[in-house]
Amino acid sequence: MAGIGVIINPHAKGNRVVAAEREARMARIVGSLGLVRVTETLEALDQAVREFRDREIDILAICGGDGSDHCTLTALGRVWGDRPLPPLLPLRAGSINYVADVAGWRRGSPEHGLAAIVRDYRRGIAPVTTERDLLRVNGSELGFLLSFGTAVNYLRAYYALPRQGPWAASKLLARLIASALAGTHLARGVFQAVEGDIECDDEVLPFRRFTFFFAGTIEQIALGFKPTYLANRKPGFMHVVGGPIAATRLIRRAVRIYRGFPTGEPDLYDSIGRRLAIRFARPTHIMLDGDILEPVERVEVDVPRRVALIAS
């Protein structure tokens, strides 16, 4: 057996204080069946991924949040080349963990999740997996969900909170809804329109201003909302939804978005596609799997490959 590789991101919310202890516990769990690496930097991450590639690991566990998944997937793209990617085990240890939610992992400690998979691996039991496509952004960054504008502003407000987690995210969302209905400054600061031209395959989106936008290959995001409900409808495609919808109208459709239903809003483009081209009017921050990336003027997105996520 080639073994299990484990990446621990010490900067993830759930690892900041306990990274060293978690490394020791996970090393005991995998024993001789794998390698555990704490990656302080992107260079260390690349080195660990190369080590796992040379060992030809069967499973790659990522102990972090969605940002850790995105960084590790991007490193895999750099190092693995065209080889099939190993099945990924997303262990819930970040501020945002919707990839683990999509994989079906119940809440619990990362050690518990890893131990369950190692136990089956020792017995020769293949893990249950669910496949998802990957987004490739500007030829290099790999992830599952892209956004800009309102999502970036919300994440900035969320990351500025003294504590993160589902309860804190829910309270912030409730404050934003109340602010939008009252027309106060909090909602105005978050629901800011971004100007740009967007093409999905050969179709030009009929808007130049966007207050709401997502492109994704996973259907569920933070707090269980499902704006990209068609993300897993057809292999090799992403779901693109966005437009200049007003905050109050978006709030009226919140239940439908949460349940993964079409909104029926004329101010929202809603379709699937293989390629996406975005040209912003000015350099703009984009979000990929919870990570806020540097401002760019152009974004090219395609769907180059699929990856297996190990389910609970």
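The values are calculated or read from the model by the stated rules, or taken from the named source; none is laboratory data. Keep in mind it's a predicted model, so treat the numbers as computed, not measured. Note that we place each Cβ from the backbone using ideal geometry, even for glycine, and neighbour counts take in every protein chain shown. Surface areas here come from the heavy atoms of the whole protein model, side chains and all, with no ligands, DNA or RNA. Shrake-Rupley method; radii C 1.70, N 1.55, O 1.52, S 1.80 Å.
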Exercise for review: Please give the solvent-accessible surface of Ser32 in Å², to the nearest 10, using a probe radius of 1.4 Å with every protein chain present.
Suggested key: 100 Å²
Practice item. Would you kindly work out the equivalent ellipsoid of segment 41-119 from its C-alpha gyration tensor and give its semi-axes, the square roots of five times the eigenvalues, largest first in whole Å? Key: 21, 14, 11
Review point. Using a cut-off of 26 Å between alpha-carbon atoms, which lysines can reach Lys234, once sequence neighbours fewer than 8 places away in the same chain are excluded?
Key: Lys226
Check your understanding: When the chain is treated as a GNM, springs tying every alpha-carbon pair under 10 Å, which of Val17, Val79, Val241 comes out with the largest mean-square fluctuation?
Key -> Val17
Point to revise | Projected label distance in nm at Ala2 and Leu42, using a 7 Å step from Cα toward the beta-carbon | key: 2.6 nm
Point to revise | Relative packing of peptides 41-50, 128-137 - highest average C-beta neighbours within 10 Å first | key: 128-137, 41-50
**Study point:** In degrees, nearest ten, helix 42-55 long axis to first principal axis of the chain (Cα)
**Key:** 50 degrees
Study note, to complete from the structure: On the accessible surface of segment 49-165, probed at 1.4 Å with all protein chains in place, carbon and sulfur together account for a percent value of 48 percent
Practice item. Quick one: grab the alpha carbon gyration tensor of the chain, order the square roots of its eigenvalues as a ≥ b ≥ c, and give me rounded if a/c is under 1.5, else prolate or oblate depending on whether a/b is larger than b/c. Key: prolate
**Study point:** Potential lengthening between Arg305 and Ala277 on full extension [0.36 nm per residue; Cα-Cα distance subtracted]
**Key:** 8.3 nm
Review point. For segment 86-235, what does the alpha-carbon gyration tensor say about shape, rounded, prolate or oblate, given a ≥ b ≥ c as the root eigenvalues, a/c under 1.5 as rounded, and a/b over b/c as prolate?
Key: oblate
Review point. Which of rounded, prolate, oblate describes segment 9-153, given a ≥ b ≥ c as roots of the alpha-carbon gyration tensor eigenvalues and a/c under 1.5 marking rounded, otherwise prolate only if a/b is larger than b/c?
Key: rounded
Study note, to complete from the structure: Calculated from DSSP helices alone, with each H run of at least 4 adding -39500 (n - 2.57) and the total divided by the residues of the chain, [θ]222 nm to the nearest 500 comes to -10000 deg cm²/dmol
